[in-house]
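The values are calculated or read from the model by the stated rules, or taken from the named source; none is laboratory data. Nothing here was measured: the structure is a model prediction, and the numbers come from that model. Positions of Cβ are backbone-derived with ideal geometry, glycine not excepted, and every protein chain shown enters the neighbour counts. Note: accessible area is taken over every heavy atom of the protein model, side chains too, but ligands, DNA and RNA are not part of it. Shrake-Rupley method; radii C 1.70, N 1.55, O 1.52, S 1.80 Å.
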Protein chains: 2
Amino acid sequence: MVHDVQVDDGVVRFTLALDGVRDVQVDLQEMTSEEKERIWPKKGQQKREPGAAEHLNNIGRVLAVMSGKGGVGKSSVAAMLAVALRQQGKRVGVLDADITGPSIPKMFGLSETPPMGPVGILPAETKSGIEVMSINLLLPSEDEAVIWRGPLIGGAIRQFWGDVVWGDLDVLVVDLPPGTSDASLTVMQSIPLNGVVLVTSPQDLAGMVVRKAAKMAWQMKVSIVGLVENMSYTICPKCGERIEVFGPSQAVHTANLLGVPLLGQIPLDPDLARQCDAGEIEDYTTDVFEPIAQKIADRASVRPGTPIF
Amino acid sequence: MVHDVQVDDGVVRFTLALDGVRDVQVDLQEMTSEEKERIWPKKGQQKREPGAAEHLNNIGRVLAVMSGKGGVGKSSVAAMLAVALRQQGKRVGVLDADITGPSIPKMFGLSETPPMGPVGILPAETKSGIEVMSINLLLPSEDEAVIWRGPLIGGAIRQFWGDVVWGDLDVLVVDLPPGTSDASLTVMQSIPLNGVVLVTSPQDLAGMVVRKAAKMAWQMKVSIVGLVENMSYTICPKCGERIEVFGPSQAVHTANLLGVPLLGQIPLDPDLARQCDAGEIEDYTTDVFEPIAQKIADRASVRPGTPIF
């Protein structure tokens, strides 16, 4: 039974009263031109097809960075991975799938609205030449809230994949939001991922949530490249003491539990926070991340990957 | 146009092809008994009404803890707030609205499945007597993934409000997930909040995302109690140096920008992480949080609040 149908500024709202139904999943689609012609026979104008850019893109590997739990530094790991791969000479893009908490543009100091090309949106480009697409580039101001329910979030992510002119890329890094709900589901269902990199922090609590993320990846049949532990420790700038600010590491335990390789441990470095805030993550230098990026690149290229399409 | 209708284990899936529609919002409801009788005239069995517990509950104040960005310690602030209010002798409950990354039960060392009473689910009780409801208490194991789209997430949150026998509470603390999508929307639309406490970390990046959360609260007409900065600094256990691990604080700047009071700054303390992991947050002692909890309680009781119903 359908109640309370309202149409308000392009949003259709209704209540479905059902029995024995746990969930309703609606995929919102543009009508096909045949369908439109059936309804409005006169309206036959030509229009750019959604997803047109996708057929022109040539993307070698798609790697998602996922954590389950927020704030473990997933976005900075995604950004550092992109920077490290770019420094190796690869053509790299970053698709920011964190629609409600996008942090990629700020880290790279990007704020200009990407231009619209004939077949789709052209991604922004960082100073070292990394292509970036994020909802924050499309908002009137960076602290504008995106108060959307799932179908719109999914639509934006699908557009970032299908309507963005990525061109030729060796690697596209997808920065997933926390959680195992709409955004992660849409990425895993609509984008042919070659693998996911799991990011955790030393807390057992974060380990618990990353195990949820791993279970989701298994259920969605996406390969796990490995686990990165972030914020493992910090070094006292005065006395050099190694301080485990989030308690002792659980990374080896978590990696063993999941049966995935531990790719490395990254310390908590105030310089990284500062350079992220300043939009200069490309200038951040660390010896720690290089071997991690190498391991990710090696494993992602050795593995055949499991495209989902 | 409705395509591809599938019904699979209680989940209805279909594709809507529309024109000029940006979003579809579906509220899933149980049919009323009249509606059921219209469809199955013979099926007239008595059944517990959903939301029955709500009418028996008597909850003084409902405070949501929100951050926008994940991992800034929102859940530990929510838990510490509940503990501090409980220590003042108040009757306190915690509703964990973070369905895909719930961390409240682990912090309190709770794992038993809550029993079902005649009018609804009975919340779990911590050793100091705080009532807790979380999806993790209902899962077969704590690291099970909840791979749900928005309508199911919203349904679970509405059940935690309407179908849980909270009884008489002075304060119900709602722990919101990161982001401004379904879970936060459902809480703000379906639960009569008296205010939200915003939690941020020193990074400007976290500040940006918490400003998104504040804008959402304004748009949803929910009062903001104030801002708490978490992880402001850590103290070197060897030399006593104060280290700003996430860079210099942006809290005063963010609070001024939002025009809300800065309620306090909480240091990053490895003991807190350890006691959260051990399920002993109630035994964690700190002088820092007491005045913050007091300010929150004072402001929440002075303000009339803006119930949304």
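Remarks
- Inclusion of B:Gly179 among residues that are more than 11 Å from every other protein chain (Cβ to nearest Cβ) and either more than 23 Å from B:Arg61 (Cα to Cα) or of a type in the set (Gly, Ala, Ser) (or both) is not warranted.
- Of everything in region A:221-250 that is in contact (Cβ under 8 Å) with a residue 60 or more places away in the chain and not in a strand (DSSP E or B), the residue that is surrounded by the most Cβ atoms within 10 Å (Cβ to Cβ) is A:Met231.
- Residue in region B:74-96 that is more than 22 Å from B:Gln294 (Cβ to Cβ), of a type in the set (Gly, Ala, Ser) and either within 14 Å of chain A (Cβ to nearest Cβ) or more than 11 Å from the chain's Cα centre (by Cα) (or both) present: no
- Among residues of region A:265-292 that are of a type outside the set (A, V, I, L, M), those with a Cβ under 7 angstrom from a residue that is in a strand (DSSP E or B) and open to solvent by 30 Å² or more (accessible area, probe 1.4 Å), sequence gap 6+ or separate chain, pair up as A:Pro267/A:Ile235.
- On inspection, A:Gln203 does not qualify as polar (S, T, N, Q), closer than 20 Å to A:Gly70 by Cα and more than 7 Å from every other protein chain (Cβ to nearest Cβ).
- Annotation: of all residues in region A:130-139 being open to solvent by less than 10 Å² (accessible area, probe 1.4 Å) and either basic (Lys, Arg) or assigned to a loop (DSSP other than H, G, I, E, B) (or both), the one that is nearest to the other protein chains (Cβ to nearest Cβ) is A:Ser134.
- Within region A:47-81, the residues that satisfy the criterion of being under 22 Å from A:Ala214 (Cα atoms) and of a type in the set (Gly, Ala, Ser) are A:Ala64, A:Ser67, A:Gly68, A:Gly70, A:Gly71, A:Gly73, A:Ser75, A:Ser76, A:Ala78, A:Ala79.
- In region A:149-160 there is at least one residue matching the filter, namely being more than 29 Å from B:Leu272 (Cβ to Cβ) and more than 14 Å from every other protein chain (Cβ to nearest Cβ).
- A residue that is at pLDDT 95 or above, within 14 Å of another protein chain (Cβ to nearest Cβ) and either farther than 15 Å from A:Asp163 by Cβ or part of a strand (DSSP E or B) (or both) occurs nowhere in region A:119-129.
- Scoring A:Pro151 on the criteria (1) farther than 24 Å from A:Gly120 by Cα; (2) open to solvent by 10 Å² or more (accessible area, probe 1.4 Å) leaves a single failure, condition (1).
- Listed by position, the helices (runs of 4 or more DSSP H) inside region B:140-220 whose residues that are among the basic types (Lys, Arg) and within 12 Å of the chain's Cα centre (by Cα) number at least 1 are B:150-162.
- The number of residues in region A:49-69 that are part of a loop (DSSP other than H, G, I, E, B), more than 16 Å from A:Val196 (Cβ to Cβ) and under 19 Å from the mean Cα position of the chain (by Cα) comes to 2.
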